[in-house]
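Enquirer: Shown below is the structure under consideration.
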Amino acid sequence: MKAWRLKEFNQPLVHEEIEDPEITAPTDVIIKIGGAGVCRTDLHLIEGIWDRALETPLPFTIGHENAGWVHKAGSSVTMFEVGDPVIVHPVASCGKCLSCRSGEDMHCDNLVFPGLTADGGYAEYLKTSERALIKLENGVEPKDVAPLADAGITAYRAVQKAAPFARPGTKTLLIGMGGLGHIAVQLMKEFGAGDIIALDTNEERLNMAMEYGADEKILADGNHLEAVRHLTEDIGPDIIIDFVGEDDTHKESMEMLKKGGHYFVVGYGGALHVPSLDVINNELNIIGSLVGNYTQLYELMKLHAKGKVKLHSTSYPMSEANEVLQMLEEGKINGRTVLVP
Ligand SMILES: [Zn+2]
Ligand SMILES: [Zn+2]
């Protein structure tokens, strides 16, 4: 099959013919890829920063936001048939460890993460397990929902954590109105009760956030801390969800957050430095959020089917993977992009 593979860090992906994935365990399922979402994590994988956390298995196929059709199924697969359209939860979890039994697939002790620790979806076929699959509703095309598998549930989990604090009269600042941010606005509208302020460096993305239900927008132009103070009557946002996670956004969030406020870190790549005196004196709550579990993806697909979460996405042929990654790097993408084999 054709695959677009990472062979060396900081180099473009290489288009190669490789063996089709094969069923090796009875719970394995081979998916014919209908769409593979392009994610900032793919850029971080190419940069090699994930290698520190989990030893990236070079050379390998990236792509962890996948949807398609069941192509082959192992002998114990009972819930799906060949041809079923499915979205693929990003990890193949074991189902036996305590984390799995608690419903936290992302913390599975025996986790396989196609696109990060094993071959992913920038290819014609992908191997995962039955446990990762959710059947698509009638009429839903895999390429139209693939980014919900990661961008979608990552926004969903962060908003679920934040929403109980978003009481009437509170202000939530969402930093970064890209692939995750535009979904988070809609989910915050659904689950939270306070006002939503969108912050981004790009006016077009801010306008999209307003269309999706943000109450206020602020352009990150150097005067944005002042603008946030103004909109929050000098006390700062009750909640900040940071979808960017770079040094600047960490530092500014710590400056802006209201006393007793909650800071959710979703984007990553920077380093968060905060004096412990500030943590106790201002009672800062700093909370990380990682992708989402199977149930969260299931719930998100139900909201999507009801039209309550719209995905702004554009498709490209998979042969343009390197060009699309370059556009993402240069901040030229609005919403999400999907590669179609
Ligand atoms: Zn991702
Ligand atoms: Zn497990």
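Coordinate-derived values only; no laboratory data. Keep in mind that this is a model prediction, so the values were computed, not measured. Quick reminder, even Gly has a Cβ in these numbers, built from the backbone with ideal geometry, and neighbours come from all protein chains shown.
Enquirer: Taking the condition of being away from ligand 1 (no atom under 16 Å from the Cβ), closer than 25 Å to residue 80 by Cα and assigned to a loop (DSSP other than H, G, I, E, B), how many residues in the stretch 137-173 meet it?
Expert: 5
Enquirer: Given the conditions (1) of a type in the set (A, V, I, L, M); (2) more than 16 Å from ligand 2 (Cβ to nearest atom); (3) closer than 20 Å to residue 34 by Cβ; (4) touching a Leu at 6+ places or on another chain (Cβ under 9 Å), which single one is not true for residue 92?
Expert: Condition not satisfied by residue 92: (2).
Enquirer: If a residue counts only when it is within 26 Å of residue 141 (Cα to Cα), within 16 Å of ligand 1 (Cβ to nearest atom) and within 19 Å of the chain's Cα centre (by Cα), which strands (runs of 3 or more DSSP E) contained entirely in the stretch 1-59 have at least 3 such residues?
Expert: In the stretch 1-59, 28-38 are the strands (runs of 3 or more DSSP E) which contain 3 or more residues that are within 26 Å of residue 141 (Cα to Cα), within 16 Å of ligand 1 (Cβ to nearest atom) and within 19 Å of the chain's Cα centre (by Cα).
Enquirer: Filter the stretch 269-291 down to the residues that are on the phi < 0 side of the Ramachandran plot and in contact (Cβ under 8 Å) with a residue 40 or more places away in the chain and list them by number.
Expert: Answer for the stretch 269-291, where residues must be on the phi < 0 side of the Ramachandran plot and in contact (Cβ under 8 Å) with a residue 40 or more places away in the chain: 287, 289, 290.
Enquirer: Right, something else. Check 36, 25, 73 and return the single one that is over 19 Å from residue 106 (Cα atoms) and within 16 Å of ligand 2 (Cβ to nearest atom).
Expert: 25
Enquirer: Go through the stretch 107-117 residue by residue and tally those that are surrounded by fewer than 17 Cβ atoms within 10 Å (Cβ to Cβ) and either assigned to a strand (DSSP E or B) or touching a strand residue (DSSP E or B) at 6+ places or on another chain (Cβ under 6 Å) (or both).
Expert: 1
Enquirer: Please find, within the stretch 52-72, the residue that is surrounded by the most Cβ atoms within 10 Å (Cβ to Cβ) out of those that are more than 21 Å from residue 84 (Cα to Cα) and among the hydrophobic types (A, V, I, L, M, F, W, C).
Expert: Going through the qualifying residues, I end up with 62.
Enquirer: Under 9 Å by Cβ, and 6 or more places apart or on different chains, what pairs join a residue from the stretch 188-212 that is under 19 Å from residue 300 (Cα atoms) with one that is assigned to a helix (DSSP H, G or I) and of a type in the set (Lys, Arg)?
Expert: These pairs meet every condition: 212/189.
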